[in-house]
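Novice: Take a look at this one; I'll ask things after.
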Amino acid sequence: MAAIAISRALYDDLRLHLRGHVEQVGFFLADFDAETKTFVLREWRAIPPEGFEYQGAYHITLTDEMKTEVIQWAWDADACLVEAHSHKNSGPAKFSPSDFWGFRDWVPHLFWRLRRRPYAALVIAGESFDALAWIDSADEPEQAEHIELDDGTVFRATARTLIERHDDEGTTPDGR
């Protein structure tokens, strides 16, 4: 399973930005350690209000210009991208069906534009989070199990998304 490593300062920036009554989003530049399957986050970019085509309590859409800027930012830095967005305080965090609808187009596009660099996404709801990673394929994510801060603090993902998604399909997480 994948993991995420981040400094306390960047983590605090993330948490501060993802507050509010509407969904918020931002991106990290990250290095990827293939041996440990760890995204090492190094720079945060909060999306400003003008970067949204639509921003509501339960859905966001970035402008085409913002998508291009974010991809160019990662390209210029020779980095992976890690997305983070909020889902208000709606219980234990999990990605929504509309999140997966967006990933269906976004992740393959990123794999193509960033030459198959891994991608990860976090969803924050209250004090909980879930995280997914697309490492070898743009088609099927794997669980990112935790976030580890540079001060040794470890936060565990709810892991609800993939478990509930497979339950809805009538299979177990290992495909049986």
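Novice: Are any residues in the stretch 38-73 surrounded by 14 or more Cβ atoms within 10 Å (Cβ to Cβ), farther than 21 Å from Ser98 by Cα and more than 16 Å from the chain's Cα centre (by Cα), and if so, which ones?
Specialist: Listed by number, the residues that qualify are Glu69, Trp73.
Novice: Another question, then. Which ones in the stretch 80-99 are in contact (Cβ under 8 Å) with a residue 12 or more places away in the chain and either surrounded by fewer than 19 Cβ atoms within 10 Å (Cβ to Cβ) or part of a helix (DSSP H, G or I) (or both)?
Specialist: Answer for the stretch 80-99, where residues must be in contact (Cβ under 8 Å) with a residue 12 or more places away in the chain and either surrounded by fewer than 19 Cβ atoms within 10 Å (Cβ to Cβ) or part of a helix (DSSP H, G or I) (or both): Lys88, Asn89, Ser90, Gly91, Pro92, Ser96, Ser98, Asp99.
Novice: Any chance the stretch 26-34 includes a residue that's in a helix (DSSP H, G or I), free of Cβ contacts under 8 Å to residues at least 24 places away in the same chain and more than 14 Å from the chain's Cα centre (by Cα)?
Specialist: no
Novice: Could you please find all residues in the stretch 86-127 being within 11 Å of the chain's Cα centre (by Cα) and of a type in the set (Gly, Ala, Ser)?
Specialist: Matches in the stretch 86-127: Ser86, Ala120, Ala121.
Novice: Let me ask something else about it. Quick test of your reading of the structure: Arg116 fulfils all but one of (1) part of a helix (DSSP H, G or I); (2) at pLDDT 95 or above; (3) out of contact with any helix residue (DSSP H, G or I) (no Cβ under 6 Å at 6 or more places or on another chain). Name the failing condition by number.
Specialist: Going through the list (1) part of a helix (DSSP H, G or I); (2) at pLDDT 95 or above; (3) out of contact with any helix residue (DSSP H, G or I) (no Cβ under 6 Å at 6 or more places or on another chain), Arg116 breaks only (1).
The values are calculated or read from the model by the stated rules, or taken from the named source; none is laboratory data. Just so you know, these numbers come straight off a predicted model, no measurement behind them. Don't worry about glycine lacking a Cβ; one is built from the backbone with ideal geometry, like all the others, and counts go over all protein chains shown.
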